[in-house]
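These notes are about the structure you will find just below.
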Amino acid sequence: METTDLKAEFVRKYGRPPRVFRAPGRVNLIGEHTDYNDGFVMPCAIDFATRVAAAERSDRRIRLASLNFPGEFEFDLDEPAIETAASWARYVEGVAALLERAGHRLKGADLLIESSVPIGAGLSSSAALEVATGFAFASLAGLALEKWELAKNGQRAEHEYAGVRSGIMDQFASAFGVENHALFLDCRSLDWKPIPLRNAEFIICNTRTKHDLADGEYNQRRADCEEAARILGRKSLRDVCLAELEFRAGELSDRLLRRARHVVTENDRVLAAVKALNEGRLDEFGRLMDASHESLRADYEVSSAELDLMVEIVRGQPGVLGARMTGGGFGGCTVNLLEREASADFIENVSAAYRERTGIVPEIYVCRAARGVSEIE
Ligand code: ADP
Ligand code: MG
């Protein structure tokens, strides 16, 4: 949808012109389930974004509708009750309520939301929604919020209003994205660096499956990691190295050992991946992606039959350097590194093979690293 069409739709609905804000989804290239362990990640923002058309009101009410979901919602900034529970609107109410709770005075507003981010596919449509609406509320109220505050506020909404105890990676990438760059982030210090992608070609394959247990399993993994760190007497798994983990393996149950081993080795892989990308060694980057998938499958147990199948099919294609599941897991997408520009053959072959084995037509996108949150002039 063109922005002019979104604006026209807004005028039809609310009778006056809006400003339009956008925030992108993200794909994580490597560093999975490490963000909530104070570890390292390397996502990039993608050129699928959530747009929020918004205009202020003279009262303190928020009205919202989405072109991607049914239902229209309304709540009052002065009434902290969650009036939108169980609907998609809870993310937006959370963002507004938490900005207010942090001491910012917002204005009432009418909102119309539209997104090109595949929803529920592990490309963080939820973070894009949180960051885009947070930026819209702040901008309408004339507040210049730091990107970190927008990102952290969105993460808090995810915790308190959506019940997912996610790390900071998704909202960070949506806020800070840099065109043609991956983002290397230390989730403890919050130091980050854009890393040029140069000629690296990443392709995203959407299995178009999502298993219901995803959110519960996510929170369970996080609890496992906290338990493992506690037993090892460390603040978080970030503070454990592989040699120490192996030496003290007997102190952990088999499950906790495997969870910890994934996090510890994945942190090492991110650091190696940064080096490989900086040195232009894409084959090494691909090897690290393969190892990441294996660790997520066998040790962290967050893959799925469809993700494993997609990885297997992709690896069978010529010119593929690496393939892994991306995002929280239990469905969603794989991210894949190709040697040269993806040929039409790659997309056709993968699509046909996956459809033949599952009966599902996958979606395949070329990943272009995009800039983070902004207003569309
Ligand atoms: P992901 O973040 O991987 O896309 P989630 O389950 O975390 O998947 O978030 C998806 C949810 O976010 C949707 O079910 C919906 O509640 C909300 N959401 C995302 N995008 C939109 C949108 N454009 N309009 C309304 N709600 C949205
Ligand atoms: Mg999400």
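The values are calculated or read from the model by the stated rules, or taken from the named source; none is laboratory data. All of these numbers come straight from a predicted model, not from anything done at the bench. FYI the Cβ positions are ideal-geometry reconstructions off the backbone, even for glycines, and counts take in every protein chain you see. Note: accessible area is taken over every heavy atom of the protein model, side chains too, but ligands, DNA and RNA are not part of it. Shrake-Rupley method; radii C 1.70, N 1.55, O 1.52, S 1.80 Å.
Percent of C-alpha pairs per 5 Å bin in segment 197-366, short distances first: 1, 9, 17, 18, 17, 14, 12, 7, 4, 1, 0. For the chain, complete DSSP H runs whose alpha carbons reach 20 Å or more along their own long axis and whose mean Kyte-Doolittle score is 0.5 or higher are 125-140. Result for the chain in a Gaussian network model with C-alpha springs under 10 Å: among Pro118, Pro194, Pro70, the largest mean-square fluctuation is at Pro70. Reducing segment 187-241 and segment 1-62 to their Cα centroids gives an inter-centroid distance of 23 Å. With the radius of gyration and the Kirkwood radius both derived from the Cα set of segment 273-357, what is their ratio Rg to Rh? Ratio of gyration radius to Kirkwood radius for segment 273-357: 0.98.
Fully extending the segment from Lys147 to Thr4 would add 48.8 nm, taking 0.36 nm per residue of separation and subtracting the current Cα-Cα distance.
Pairs of C-alpha atoms in segment 113-238 farther apart than 25 Å represent 36 percent of all such pairs. For the chain, a Gaussian network of Cα nodes joined below 10 Å ranks Arg355, Arg261, Arg324 by mean-square fluctuation, and the top entry is Arg355. Ordering Val350, Leu140, Gly286 by the projection of their Cα atoms onto the charge dipole of the chain, which places +1 on the Cβ of Lys and Arg and -1 on the Cβ of Asp and Glu, puts Leu140 at the extreme positive end.
Which three numbers, in whole Å and largest first, are the semi-axes of the equivalent ellipsoid of the chain derived from its Cα gyration tensor as √(5λ)?
Semi-axes from the Cα gyration tensor: 35, 25, 18 Å.
Spatially close Lys pairs in the chain, defined by Cα atoms under 25 Å apart and a spacing of eight or more places or different chains, total 9. Looking at the chain, the accessible area is 41 square angstrom per residue; that uses a 1.4 Å probe and ignores ligands, DNA and RNA. Starting from the Cα of Asn278, move 7 Å in the Cα-to-Cβ direction to define the label point; list residues of segment 1-43 whose amide nitrogen is under 19 Å from there. Under 19 Å, as judged by backbone N against the label point of Asn278, lie 29-31, 39-43 of segment 1-43.
Here the accessible area is traced with a 1.4 Å probe on the protein chains. For the chain, carbon and sulfur cover 47 percent of it. The Glu312 and Glu244 beta-carbon pair, evaluated with R₀ = 35 Å, returns a calculated FRET efficiency of approximately 0.55. For segment 3-193, the alpha-carbon radius of gyration amounts to 0.98 times the rule-of-thumb value 2.2 N^0.38 Å expected for a compact globular protein.
A P(r) calculated from all alpha carbon pairs of segment 179-282, with 5 Å bins opening at zero, reads 2, 10, 17, 16, 15, 16, 15, 7, 1, 0 percent.
Principal axis extents of the C-alpha atoms in segment 89-179 (largest first, rounded to whole Å): 33, 29, 24.
The charge dipole of the chain, taken about its Cα centre with unit charges on the Cβ atoms of Lys, Arg (+1), Asp and Glu (-1) only, comes to about 520 debye.
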